[in-house]
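Derivation of every value follows stated rules applied to the coordinates shown; laboratory data play no part. This is a predicted model, so every value here is computed, not measured. Virtual Cβ from ideal backbone geometry, glycine too; neighbours counted across all protein chains shown.
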Amino acid sequence: MQRMVYIFMGVAALAAGATGYFGLGLTLAEAILMVVVVGSAAVVAQERVLRQRAERRLENSLEDLRNLLSTDAQAADVLGQRVNALAREDAGRRLDVVEADVSILGTVIRQVAEAVAEIEEKQAQPQPAPMQPEPIVEEPVRPRFSTAAIRRALEEDRIVHHLRPVMRLPQRRTYGYDLVARLVEDDGTVHEQAVFMPEDAGADLFRQIEAAGILESITLARRALATEQPPRLFAPFSCASLTDTRTVEKTVALLEANRAVSRYLTLRTPFADWIAMNSAQRAAAGQLVRTGVTFSLEQADNLRGAIGAMAADGVQSLRVDANIFLADPQHYTDFHTADIVKYLSRFDVELIATDISAENQLLELLEDGIALASGDHLSPAAPAWAQFLSDRPQATQRLRRVET
């Protein structure tokens with residue numbers, strides 16, 4: 001490009017000389033002198049312009065260099081501060097702490113290796129056959145009332161629902177209450193349902209008692225909602241009620257009318273009934289779940305089933321007998337006992353241990369991560385507290401429970 005500029009300046013000088021020679025009548029020597037003067041002037045002007053450009057470029061480069069040097073100086077200052085800070089720290093003391101931790105870790109690893117070696121040696125030795133826990137056989141309770149007596153008690157409103165707390169361990173805070181049906185005689189004697197319900201009792205008796213329990217739980221929940229956060233109430237609802245279309249429709253209508261408290265209600269259904277439900281009964285259970293209630297499957301004997309499908313159908317908790325669970329956990333599942341609760345929690349299903357009879361059972365349950373429990377050892381069933389008392393005129397101040 002620079003060469004083209006100089007060629008253009010030479011051509012311009014020749015053109016000026018030719019103009020002077022032919023147009024102005026200059027002699028040949030004067031025309032040549034004119035060419036030299038014009039060309040020299042053009043070259044001087046071009047060199048001046050180039051020098052100014054070079055000076056500006058040099059100034060810009062110097063400015064950039066100053067900026068870079070300033071940045072390097074700041075970085076060096078920061079690096080010096082960090083070096084000084086590290087120099088002020090007591091590196092020796094920190095290294096001593098690290099060495100102590102490494103020494104402890106080495107001791108633990110050695111102990112673990114020794115324990116693993118001992119376990120392998122024990123497994124290599126022939127083991128005696130494990131002793132199977134003796135099955136817990138409960139003596140059947142002989143019913144003491146006839147069907148007519150139960151119907152008469154229902155008409156006279158002498159079948160009441162007491163509350164058995166479900167507690168959260170280890171604080172033993174109340175998580176909810178089980179509604180337990182009991183028959184109160186004229187002298188105040190209280191009988192459990194296993195005692196007063198006859199063997200030939202029809203499904204209609206169970207439906208009437210369970211319907212009264214649901215109505216009672218709604219009443220208690222509404223009264224608690226007026227003062228504080230109500231606890232969860234577990235009302236019985238067996239397959240006898242799920243099978244009857246009229247009972248299901250009435251229950252759904254009652255729950256729809258009380259949606260403000262239905263989310264605090266859980267229906268207790270036997271595990272075996274839930275597993276054996278047909279399509280019509282599952283549809284009825286789905287109608288109940290859509291009102292806001294959930295299900296708690298009691299007397300569960302197998303945790304190997306499709307827990308996810310149960311949770312999708314509205315199952316909120318599973319109940320196991322604490323005595324059988326602690327004596328033979330493999331009866332319920334192939335998981336380690338400490339992993340059962342974690343497995344159920346994946347599906348938002350809780351595990352409740354029932355029939356607690358001793359304090360050591362609570363410790364074993366806590367070791368396995370089971371935090372919900374109920375039983376007479378924790379707190380027996382009792383009449384509802386003052387703010388939950390129903391409007392029925394019943395004398396429940398001096399009730400005597402019949403031991404079975």
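Some notes on this structure:
- Overall dimensions of region 2-88 by Cα: Rg and Dmax, Å: 27.8, 93
- Length gained when the stretch Phe8-Ala283 is fully extended (0.36 nm per residue, less Cα-Cα span): 89.1 nm
- From largest to smallest, the equivalent ellipsoid semi-axes obtained for region 209-333 from the alpha-carbon gyration tensor read 26, 18, 12 Å.
- Couplings 3J(HN,Hα) of region 205-218, computed from phi: 5, 4, 5, 5, 5, 5, 5, 5, x, 5, 4, 5, 5, 5 Hz, in residue order, whole Hz [Karplus 6.51 cos²θ - 1.76 cosθ + 1.60, θ = phi - 60°; x for Gly and Pro].
- The amide H of Arg268, built 1.01 Å from its N in the peptide plane, has Ala235, Phe237, Ser296 as neighbours under 5 Å, considering only residues 5 or more places off or on other chains.
- Among the GluC sites (Glu not before Pro) found in region 1-93, those both in a DSSP coil and sparsely packed, with 16 or fewer other Cβ atoms within 10 Å of their Cβ, are Glu89.
- Modelled FRET efficiency - R0 41 Å, Leu225 with Ala312, Cβ distances, 0.05 increments: 0.90
- Overall form of region 267-354 per C-alpha gyration tensor (a/c, 1.5; a/b vs b/c): prolate
- Backbone HN-Hα couplings from phi across region 317-324 [Karplus 6.51/-1.76/1.60, Hz, Gly and Pro as x]: 7, 10, 10, 10, 6, 4, 5, 6
- Extended-chain gain in nm, criterion 0.36 nm per residue less alpha-carbon gap, Gln299 and Glu256: 12.6 nm
- Region 147-401, Rg to Rh (Cα coordinates; Rh as Kirkwood inverse mean 1/r): 0.95
- Stretchable slack from Asn60 to Gln81, in nm (0.36 nm times residue separation minus alpha-carbon distance): 4.4 nm
- Spatial separation of Cα centroids for region 294-347 and region 205-222, in angstrom: 26 Å
- Across region 332-345, rounded Karplus estimates of 3J(HN,Hα) from the backbone phi angles (6.51 cos²θ - 1.76 cosθ + 1.60, θ = phi - 60°) give 9, 7, 8, 6, 5, 4, 6, 9, 5, 5, 5, 5, 5, 5 Hz, Gly and Pro being marked x.
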